[in-house]
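These notes concern the structure reproduced below.
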Amino acid sequence: MPIKEIGLTSFRNHDEIKMTFSPNINVIWGKNGSGKTAILEAIHTLSIGRSFRTNRKDDLLKDGKDFFSINGVFQNAKKELHIQINQTSNGTRRILVDNNRLENVRQLIGLNPVVLLSPEEQIITKGSPQDQRNYFNKLFSIVSGDYLNALSDYNRIIRQRNKLLTDFHTIVSAEAELVAWNEQIAESGMRLWSQWKKFYEQFTNRLKTILEKFDDPDIALSAEIHSDVAENKNTYLEKLGKLTKRDVYLGRTTYGPHKDKISFIFNGKNIKQFGSQGEHKLALLLIKLAEVQLIKEETNRDPIILLDDLFAKLDDVRSKQAIAMTGKNLQTIITTTDLKNVEERGIPVDEKNNSSFYLG
């Protein structure tokens, strides 16, 4: 559902601000530090319950204030959806959807999907294996409630098994308890891996399609998964058993889908190790375009596109491709320091279904 309105109170550097968006292209422009990215951050938070800039909830609260509030109205042809997130200075958070309080932030995921292209997202190609797993876990959770549930169950079992491993030598029945947890984690791990593999293959197919549309023989990008997750329960249990001493010593589970590694290969080389800045930027754009397609096709919903300072990160040709390939019917919200940057890329800001906002 496109976002119709947003209101912020004591969020980041905004005391009070309200915006009404158009269904197509919206440009938020102004000087650095004026709070442009905070608007995108708020929309992202309404979509999945957390910021893309920080894991610290108190970072979102304006200095000296006791609480912040984000209010969003999402609307399509059939209905409106009102989402509100309130948080106090001590970290207590309340999430309301149409005035009904959610029991868990996970209930937000998938209601109003967004696709973000920002400097922070470059961690997808430059970051650690954990960063890349986090990206795919978030994406697959957006497109599938079953995947989100499988991931949550697996993470819960991992935490409980790790706690047992940490306290192993102080628990009389530790060995018997470990056998029981191994049974659960083998079943949960295989279930998660099966779903992960399915959506991963779908993502890579979308990435191939995007590359074909680019029609540039000098660009090749693929994603490769490195995993040794067992295909059956007995093999999974055998591997867990062989690693028991190491797991007890380290106090954590060292086998399972949470240890998988993903590599992005750009023109035949691992981009994390050998990619230039320009290649990283282009690869991220291609990955994000594949993300848009996966969400659209798997959920039958159009994601909101959030482009943070796009024109400072991509050259003229690539930024035009980014705008063109997101699709004319997708709501897109762009931040920039200069409105001319947008107009020079062929975006008619003054058209009927487009809007611009200046933040001083």
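The values are calculated or read from the model by the stated rules, or taken from the named source; none is laboratory data. As the structure is a prediction and not an experimental result, all values here were calculated from the model. Cβ: placed from backbone, ideal geometry, glycine included. Neighbour counts: every protein chain shown. Accessible surface is based on the protein model in full, side chains and every heavy atom, while ligands, DNA and RNA are left aside. Shrake-Rupley method; radii C 1.70, N 1.55, O 1.52, S 1.80 Å.
Structure data summary
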{"item": "Candidates Thr92, Thr54 - the one that is among the polar types (S, T, N, Q), open to solvent by 10 Å² or more (accessible area, probe 1.4 Å), more than 22 Å from the chain's Cα centre (by Cα) and closer than 30 Å to Ala150 by Cα", "result": "Thr92"}
{"item": "Which numbered condition Glu297 misses (of (1) in a loop (DSSP other than H, G, I, E, B); (2) open to solvent by 10 Å² or more (accessible area, probe 1.4 Å))", "result": "(1)"}
{"item": "For Ile17: the one exception among (1) farther than 19 Å from Leu117 by Cα; (2) open to solvent by 30 Å² or more (accessible area, probe 1.4 Å); (3) not in a strand (DSSP E or B)", "result": "(3)"}
{"item": "Where a residue in region 58-78 is at pLDDT 95 or above and its partner, wherever it lies, is open to solvent by 80 Å² or more (accessible area, probe 1.4 Å), with Cβ under 9 Å and at least six apart", "result": "Asn71/Lys18; Asn71/His82; Gly72/His82; Val73/His82; Phe74/His82"}
{"item": "Region 226-238: number of residues that are exposed (fewer than 15 other Cβ atoms within 10 Å of the Cβ) and either over 27 Å from the mean Cα position of the chain (by Cα) or modelled with pLDDT of 95 or more (or both)", "result": "6"}
{"item": "Cross-chain or 6+ apart pairs with Cβ under 6 Å, region 138-155 first and hydroxyl-bearing (Ser, Thr, Tyr), then outside any helix (DSSP H, G or I)", "result": "Ser141/Ile109"}
{"item": "Conditions (1) in contact with a helix residue (DSSP H, G or I) (Cβ under 8 Å, 6 or more places away or on another chain); (2) open to solvent by 40 Å² or more (accessible area, probe 1.4 Å); (3) at pLDDT 95 or above; number of the one not met by Tyr249", "result": "(1)"}
{"item": "Number of the condition not met by Asp153 [criteria: (1) assigned to a helix (DSSP H, G or I); (2) in contact with a helix residue (DSSP H, G or I) (Cβ under 9 Å, 6 or more places away or on another chain); (3) within 27 Å of Lys296 (Cβ to Cβ); (4) not aliphatic (A, V, I, L, M)]", "result": "(3)"}
{"item": "Residue satisfying all of: in region 165-190; buried (at least 17 other Cβ atoms within 10 Å of the Cβ) and under 31 Å from the mean Cα position of the chain (by Cα); nearest to Ala230 (Cα to Cα) among these", "result": "Met190"}
{"item": "Among the candidates Val27, Val105, residue that is of a type outside the set (S, T, N, Q), on the phi < 0 side of the Ramachandran plot and in contact with a Gly (Cβ under 7 Å, 6 or more places away or on another chain)", "result": "Val105"}
{"item": "Residues within region 276-287 that are closer than 21 Å to Thr332 by Cβ and either outside any helix (DSSP H, G or I) or open to solvent by less than 10 Å² (accessible area, probe 1.4 Å) (or both), tallied", "result": "5"}
